[in-house]
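As C-alpha cells, the structure follows; a few thoughts come after it.
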C-alpha cells in the first residue's frame, strides 16, 4: 500500500506541474516565464513527481516536495483565509504530509530505490 500511495500521489502531483509547464490540462496560468516562482514550482512538480512515480531518490525528493507544499500553503493559500476548505489549500496540506510520510517510511517495495538496494 505504501508504493500505491506514493505512485497515486505522485501522479496527481505531477498533473499540477504539467498544467503549469505544458498547459495540460488547460489552464489560464500555463507557461510561466522561465525561472519565475510558478515555473520553479511546476518544474519541481513534474520532475519530482516523475521521480516519485519511479521510486527513485524517494526520500530526498519527498522531503523537497513536502517543503515546497508547506511554502505554497503559507504563501498562496493561508493569506486568503485561515480555513483550508475556504482558501483552497487542502490539497497542499495533504501533499505536504503524504510526502513527509514518505520521507520517514520510505517508498515501499515497488520502487527503483528498493530494486537498487538504496532503501531497505
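The values are calculated or read from the model by the stated rules, or taken from the named source; none is laboratory data. Keep in mind the model is a prediction, meaning the values are calculated, not measured. We place every Cβ from the backbone using ideal geometry, glycine too, and count neighbours over all the protein chains shown.
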For this session: Could you name every one of the helices (runs of 4 or more DSSP H) located completely within segment 47-120 that has at least 1 residues being surrounded by fewer than 20 Cβ atoms within 10 Å (Cβ to Cβ) and more than 16 Å from the chain's Cα centre (by Cα)?
Result: 84-87, 90-105, 112-115
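State whether one or more residues within segment 15-25 are under 22 Å from residue 1 (Cβ atoms), part of a helix (DSSP H, G or I) and modelled with pLDDT of 95 or more.
Residues of segment 15-25 that are under 22 Å from residue 1 (Cβ atoms), as a first pass: 15.
Narrowing further to those that are part of a helix (DSSP H, G or I): 15.
With the extra rule that they be modelled with pLDDT of 95 or more, the set shrinks to 15.
The answer is yes, given that some residue of segment 15-25 is under 22 Å from residue 1 (Cβ atoms), part of a helix (DSSP H, G or I) and modelled with pLDDT of 95 or more.
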Exercise. Restricting the search to segment 1-22, which residues are free of Cβ contacts under 8 Å to residues at least 60 places away in the same chain, surrounded by 16 or more Cβ atoms within 10 Å (Cβ to Cβ) and closer than 21 Å to residue 57 by Cβ?
Worked result: 10, 14, 16, 17, 18, 21
For this session: Would you check if there is a residue in segment 23-46 being under 22 Å from residue 118 (Cα atoms) and without any contact (Cβ under 8 Å) to a residue 24 or more places away in the chain?
Result: no
Problem set entry | Cβ pairs under 9 Å, 6+ apart, first in segment 48-62 and at positive phi and at pLDDT 95 or above, second surrounded by fewer than 22 Cβ atoms within 10 Å (Cβ to Cβ) and not in a helix (DSSP H, G or I) | 55/108; 55/110; 55/119; 57/118
